[in-house]
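The values are calculated or read from the model by the stated rules, or taken from the named source; none is laboratory data. Here the structure is a predicted model, which means the values were calculated and not measured. Glycine gets a Cβ as well: all are built from the backbone with ideal geometry, and neighbour counts include every protein chain shown. The area values use the complete protein model at the heavy-atom level, side chains included, leaving out ligands, DNA and RNA. Shrake-Rupley method; radii C 1.70, N 1.55, O 1.52, S 1.80 Å.
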Amino acid sequence: MQDVVENVVLKKSKGLVFVLHRHQTIYIIHMKSTETQNAGSGRKTPAKSSAAEGLRELFIDELKDIVYAERALVKALPKMAQNATEPKLVAAIEEHVAVTEGQVQRLEKIFELLGESSRGKKCDAMEGLIKEGESIVEETEAGPVRDAGIISASQKIEHYEIASYGTLTAFARTLGEEEIASLLEETLAEEKQADTNLTDSAYHSINFEAADEDQAQ
């Protein structure tokens, strides 16, 4: 049995629902019988009482995760800019603060469209990435080496966000939420551009200056 919904093909077989997107593959599993639930080897991790049971619940849960992450970034990015030295890097980070604030507003609009609270849920992944960035600043001297470390930490954050927004966009399209998918795609494009800007900073000047410092020592 197959249902075609724009770019998404749904295949259903033996209690499993496979959602195949044009750009990425998402596997959504619906357990429909005791036999299916007990399939596989090893004991499954028991779910929390508040665990998501459907794709829409998971989608909203992931949105709460990313809105927490973006709000945390609004606070963390100015500290990174303050510790950077190269003017273009400082400008890029400061510009992304404004972009991130806009992304938070976009997410709040999405929650309104869904009729849900925009209260975030602690994002352990972003907390860890921000702490890693803080550690890099503490463990390097101000200058090209620290700038290179800030770029490294920033790109890890960007890659996490790119993965998150790519998946959220696919979820939204699968759920038929086209307006929300378009809003998420706007943010995804911004994150990809930010990653490109950081790569340009790394390869056009900062990493080479950091390498020259090593040779001078």
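Worth pointing out:
- At most 16 other Cβ within 10 Å, DSSP loop - trypsin sites (Lys or Arg not before Pro), region 87-190: Arg119, Lys121, Lys122
- Prolate/oblate/rounded label for region 146-202 (Cα gyration tensor, a/c 1.5): prolate
- Sparse-neighbour loop sites [GluC sites (Glu not before Pro); region 70-165; at most 11 other C-beta within 10 Å; DSSP]: Glu139, Glu141
- Residues Ser182, Ser154, ordered by accessible area of protein heavy atoms at a 1.4 angstrom probe radius and largest first, appear as Ser182, Ser154.
- Overall form of region 47-176 per C-alpha gyration tensor (a/c, 1.5; a/b vs b/c): prolate
- Amide H contacts of Gly120: none lie under 5 Å away among residues 5 or more positions distant or on a separate chain (H built 1.01 Å from N in the peptide plane; Pro and chain starts excluded).
- Prolate is the label for region 93-158, because a/c, from the alpha-carbon gyration tensor with a ≥ b ≥ c as root eigenvalues, is 1.5 or above and a/b exceeds b/c.
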